[in-house]
Amino acid sequence: MVGEKRRSTSKNLAKNKKRKGPHLPNSILKTIANEKRPLNSDEEDDEIDSDDANVDLYEYEEGVPEEESRKNNRYDPVVNYDYELPEDFEDENVESDDDDEGGNSDNEEGEGDVVRHTRMLQAVTGMPSAAFDGESKRKPVLFTEAYPESEFNPTRDVLEGKGLLTIDDFMAPIEGKPGFNDLQKRISRMQKDTQAVVHAPLPKPERERLERKAVKGLVDKEFNKWVHMVKRNREAPTVYFNQNVSLGYSTVGAIASEFQPRTDFEKKMASVLNDNELGEAHDEDGAKLLELNEVSVEDHIKYRDHIAKMRSLLFRHELKSKRIKKIKSKTYHRLKGKDLKKSAMGALMDPEMAKEEAMKQEARRVEERMTLKHKNTGKWAKRMISRGLNVKYDGTRAAISEQLQINATLSRKMNSTNDGSSSDESDDEEELNDGSDQDTPSKLIAKAREKTLKTVEDDEVPNSGLLSLPFMARAMKKKNEEAIEEAKRALEEYEEWENSGGEENSKKTADVSGRRVFGATAKVEAPKESRKDSDNFYDNSDSDNDMEGIENNDLRAVRDTASPVRNTGAITETEFDDDIENPASKTTFDVALFASGSWKKMKGCQNAETKKKTKKHVPYSKSQDKKESRDEESEDSESEAEQMVDGILTSASKETYEIPSQAELIQRAFAGDDVVDEFEKEKQEVLNQEVPEPEKPVLVPGWGQWTNIQKKRGLPSWMVREHEDAKKKRTLDLKTRKDARLRHVIISEKVDKKAEKLHTTTLPFPYTSKEVFEHSMRMPIGPEFNPATIVGSLNRPEVVKKAGVIIKPLKFEEANPNEKVDDEHPRSNQKQNPKKGGKTGKGQRKGKSKQKTKA
Amino acid sequence: MKIKTLSRSVDEYTRERSQDLQRVFHNFDPSLRPMEKAVEYKRALTAAKLEKIFARPFVGAMDGHRDGVSCMAKNPNYLKGIFSASMDGDIRLWDISSRRTVCQFPGHQGAVRGLTVSTDGNVLVSCGTDCTVRLWKVPRPTLEDSSVSSENFIEPAAEYVWKNAFWAVDHQFEGELFATAGAQLEIWNHNRASPVQSFQWGTDSVISVRFNPGEPDILATSASDRSITIYDLRMSSAARRIIMMTKTNSIAWNPMEPMNLTAANEDGSCYSFDGRKMDEAKCVHKDHVSAVMDIDFSPTGREFVTGSYDRSVRIFPYNGGHSREIYHTKRMQRVFCVKYSCDATYVLSGSDDTNLRLWKAKASEQLGVILPREQKKHEYNEAVKNRYKHLPEVKRIVRHRHLPKPIYKALGIIRTVNDSKRRKEDRRRAHSAPGTIVTKPLRQRRIIKEVE
């Protein structure tokens, strides 16, 4: 190898360099060539050295060995390629090869070795020993190479960077020769000029790797600039594509505006439509346009005649009715009234007639009840029934049922007229009242009026005593006002009653009979009481009545009779008189009543009830003599209260009572219900339901029983076995239940298969908690459950695009967090988040200044 | 004093036009409507069922090629135009609406392996195994053309012969360059007869190339040494490369997320990568039972379509592990190429049976003009279905698909194999010291390494 190198000329060397060596500047190449030439011609040793130098130059150009390039992974990767000696290196080579020179572990001996070694080198190279001093000191060991030295297997010295030859080494032999100084100068200049020195480039794979690394960074940067847009798109609940692409006309109007008339017909139409005169006519007076809209003369005349006829008819009718209205004759009106009565309408309208009708009806009913004419009591009917003919023949049956029907209708009619009448007595009483003195109620009212007037006068008078005090007077006044108010209401009510028909009246009377009286009286009392205070209102009401027409006095009488009846069951005049005789007490009571308020009233009601119980035979009217009754009631109530107090007191004082223990109390309190037992039963039921008991095996009658033998054998063994197995299974199931050992708990283990369909077995992927998942389904999204304004945004799909429009790839936009969302997508503002809220706020923002970069 | 009265203003009840709907007023008090949830669940169920009823995805087939369709290209500027090329060197332009050939581009001697159209839709680039790259001028679409000329032949505008056969070609988005994949990756200009740039990393041939639609100078390739590489043209150098366990047949960039790409792998899965972190897939899309031959993203970036050697076309959500839809017919053979239409409404597939097939992207979508009320109804149905999609019954109905027998069986086998593998793994882990057996997550499992 060395010989080969020796033979290679410097030209060859230069050529080699050109082919694959590093690009050295020409000057260096030249100098090297110059230096080589003389050396080459001179000595073999120098030649070798120079060759070594060449090798040095070739080191880099040679390229990375295959192991290093890692191509195809044929070699294991080596972390540190250079071979380094460890700190405590002891080479076996020394021991094996350099035995004659002794182990290098021994220092003194080593010193001797070194000396000998340098001496040898000196002898070989002919160089001064100083040249080998440093090297020998540093490197006391000698390596022998396994392979001959070559460019693929350089010496260890070369690899370690030690023992390198320098220019001085080359210069030393030619020192003193002609041109040496010149050369020396040039070399020193070159050494100083560090910039001109070009380092050998890296090997290609290495270079490419570095390049790729740089590119990678750039590409990543390029990709990173898209991140904000991608993020925004991904987080947006809806992505819009091509929203601002116009697809042409969207409305009929837009299409029509572009219309150009082409055919003759179209042109004609256009000329008519665009006629200015026509337009003006329309704008100025629409009537002009009607000129065209002609009506035939005959039609017009016909229509006019018809209208005229109708008008004249109307006029005549008016005249006639005026004339009739003027007639003052009572007989005429009576006859007219009769006519009216005959008609059904009249019966309905006139309360008097209604009353008569009711009377008649009542008579019929009484008759029916007495005779029981239609209740199959007839001879014929009895016979029919006894012989069973009514079952046999349809006709007979129909006749009998018809009879029954008649009976029913008769009695029912009665009921309907006075609905709700609980007892016959009240009816009787009513009848009595109606029959005996119809005038009494009106009289009573008149009296009441007088009394109220009196009391009012009395009220106004009090000049001395407590009541004359100013605050009392004020209080009185206030209460008076209240009373007036109440009276007003009562009057209104009263008027209503008056206005409403007699039938209704009778109904009301019926309503208030019996127990419910007291509730009703409480209502009615106030107006009655107030009436005496407020005759004004009474008068008012009177006037109202006048307005409505007082002529039908009878009607009022009827109503008046009804009103007392309404208030109580019966009226006795004697009591009336009593009441009238002592009005003074009433006034005082009134005051008390006002003071005490509603409580008293209630009390009164209760007392009245008690009274009713005690003295049934002494009915009295509240409508007329409230005060009386009040007095009595209050007295009663007082007495009762006293009794009550007495009762309590006595009970407390007399009894010697031992306090029972808590447990006893509880036991006593819940004596009836056995909770524990009930629960156990309940649990057993649940258990039976969820783990049902196996059915007992039963032989189906007739099956397998046609011989006696089988009967004797009884149930087949497999049936019994199965039954036992099922029983065992049940007990096992019961034992394994969760609530098997918990006596007071029922844990249902029933699984509802239908309900299971409505549950997910596991939490779906994007959700992290059950609550969030359930929350996502909480609100409905349908148009029935949401206002129209938000339905669209609730139901919007993830991607909104238009079919038939090409979607371009994403265009780059600069992120601009300071700018608000622009209106590129008209709906994007609405859409902002039914679900995500403001979460994506920043990501949603969009730069208005769109920069379309095409890097 | 407050008086409660009924007041109805005429304005509220008056319609502007006679065709308008009468306004209906609702009381939205939830206490009045206790059954709303039940009602909506029922509606979701009905919507899911209706979706099944109306699912008729197959629109039509386009036949005319005399050999298997090897590749397709969509015209980015014209919705109705689709180019397809077959193994016998035939290139055709189809009109999707009429499903007929508009014109043919004869010239290639061998199979055409790559087709692409410039962004403006004027230049068609084709390359094939005959070592040529041909540029064609795309005829302008006119109304008359589509009806009459089925025998319209077009001469190539340019023909460049090169040293090696080509496997794929793709055009830069809004640029002048296109890239071919063959023995190495080469970048061409329309006007030069030889490539302007050439990349080689390793000695294996490149089998697919795809430009990034967002970043026009970045492109990704896959090579037969099972690698996926990203290049940057400006730096004229590769940026990243990963080696996977199996070959990647095709790559698609997400048009709405320029950093993301999805690779269609030979092992029947698709792998979505983030271009910045290739050592781990973002998502593994499994469902195909055989090699995925081609992939194309929807322009919305939310879905992609894949065609597989198992004779089926599937549509995946961009972030979902399983397919949303599977399309298959009895007559459809190995699918070599798929495309999503530019308006994200249709899907096209070209297969070995010489046919192109047109499918709806949403199987039950109502095509044509839809009235606003209909639209609202559809939206509501979708929303309700989406809300209750996790409930078992709805889920079952929505997921249900009829599969061809071979695919069904293959799925069963794959499942069995995976189960047994997992079992073995579990047992091994159970019987070894804790921590000694480390399982890679699925997303890294098929990636061998990232090459620097």
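For the reader, a short list of remarks on this structure follows.
- Convex hull volume per residue, computed on the Cα atoms of the range B:345-452, equals 262 Å³.
- Mean Cβ neighbour count within 10 Å, used as a protection proxy, ranking B:274-280, B:217-223 highest first: B:217-223, B:274-280
- Derived from the Cα gyration tensor, the three semi-axes of the equivalent ellipsoid of the range B:8-61 are 35, 24, 5 Å, largest first.
- Taking amide H as placed 1.01 Å from N in the peptide plane, B:ASN249 has its amide H under 5 Å from the amide H of B:ALA264, B:ASN265, B:GLU266, each at least 5 places away in sequence or on another chain.
- Efficiency of FRET from Cβ geometry, B:ALA158 and A:VAL197, R₀ 35 Å, rounded to 0.05: 0.10
- One way to sum up the overall shape of the range A:706-794 is the equivalent ellipsoid from its Cα gyration tensor, whose semi-axes run 55, 21, 12 Å, largest first.
- By a 1.4 Å probe calculation restricted to protein chains, B:TYR327 has an accessible surface near 10 Å², given to the nearest 10.
- Within the accessible surface of the range A:356-413, defined with a 1.4 Å probe on protein heavy atoms only, the carbon and sulfur portion equals 57 percent.
- Largest accessible area first, the residues B:TRP162, A:TRP380 order themselves as A:TRP380, B:TRP162 under a 1.4 Å probe with ligands, DNA and RNA left out.
- Chain pair A, B: total accessible area buried, heavy atoms, 1.4 Å probe, Å²: 5400
- Residue-wise HN-Hα coupling along the range B:408-416, computed from phi with Karplus coefficients 6.51, -1.76, 1.60 (Hz; x: Gly, Pro): 4, 5, 4, 4, x, 5, 4, 4, 4
- In the context of the full set of protein chains, the range B:25-133 has a per residue accessible area of 42 Å² (1.4 Å probe).
- Average beta-carbon neighbours from other chains, 10 Å sphere, peptide B:256-263: 5
- Per residue solvent-accessible surface (Å²) - the range B:269-337, probe of 1.4 Å: 32
- Cα-projected label distance for A:HIS775 with B:ARG8, points at 7 Å along beta-carbon direction, nm: 4.2
- Most to least accessible of A:GLU724, A:GLU784 (protein chains only, probe 1.4 Å): A:GLU724, A:GLU784
- Interface residues, the range A:769-794 - accessible area loss of 50 Å² or more versus chain alone, probe 1.4 Å: A:MET777, A:ILE781, A:GLU784, A:PHE785
- Interface residues of the range B:372-412, defined as a loss of at least 50 Å² in heavy-atom accessible area between the chain alone and the complex of all protein chains with a 1.4 Å probe, are B:GLU379, B:TYR380, B:ARG387, B:HIS390, B:LEU391.
- The range A:191-250: translational diffusion in µm²/s, Stokes-Einstein, Kirkwood Rh over Cα pairs, 4 °C, 1.567 mPa s: 76
- For B:LEU177, distant residues with modelled amide H under 5 Å away: B:GLN172
- Protein accessible area in the range B:58-360, 1.4 Å probe - carbon and sulfur %: 47
- Segments B:367-374, B:355-362 sorted - mean Cβ within 10 Å per residue, highest first: B:355-362, B:367-374
- Whole-Hz ³J(HN,Hα) from phi, Karplus 6.51 cos²θ - 1.76 cosθ + 1.60, for the range A:783-788, glycine and proline x: x, 6, 10, 9, x, 4
- Accessible area, probe 1.4 Å, largest first, for residues A:ASP182, B:ASP287: A:ASP182, B:ASP287
- Residues with amide H under 5 Å from that of B:GLN197, placed H, sequence gap 5 or more: B:ILE187
- Taking θ as phi - 60° and the Karplus parameters 6.51, -1.76 and 1.60, the scalar couplings of the range A:264-277 work out to 4, 4, 4, 5, 4, 4, 5, 5, 5, 5, 8, 5, 5, 4 Hz in sequence order, x denoting glycine and proline.
- The range B:58-360: C-alpha gyration tensor shape, a/c 1.5 cut-off, then a/b vs b/c: oblate
- As a rough guide to protection, the peptides B:4-11, A:275-282, A:400-407, B:250-257 ranked by mean Cβ packing within 10 Å, highest first, stand as B:250-257, A:400-407, A:275-282, B:4-11.
The values are calculated or read from the model by the stated rules, or taken from the named source; none is laboratory data. Since this is a predicted model, take the numbers as computed values, not measurements. All Cβ positions, glycine included, derive from the backbone under ideal geometry; neighbour counts span all protein chains shown. The accessibility values were calculated without ligands, DNA or RNA, using every heavy atom of the protein model including side chains. Shrake-Rupley method; radii C 1.70, N 1.55, O 1.52, S 1.80 Å.
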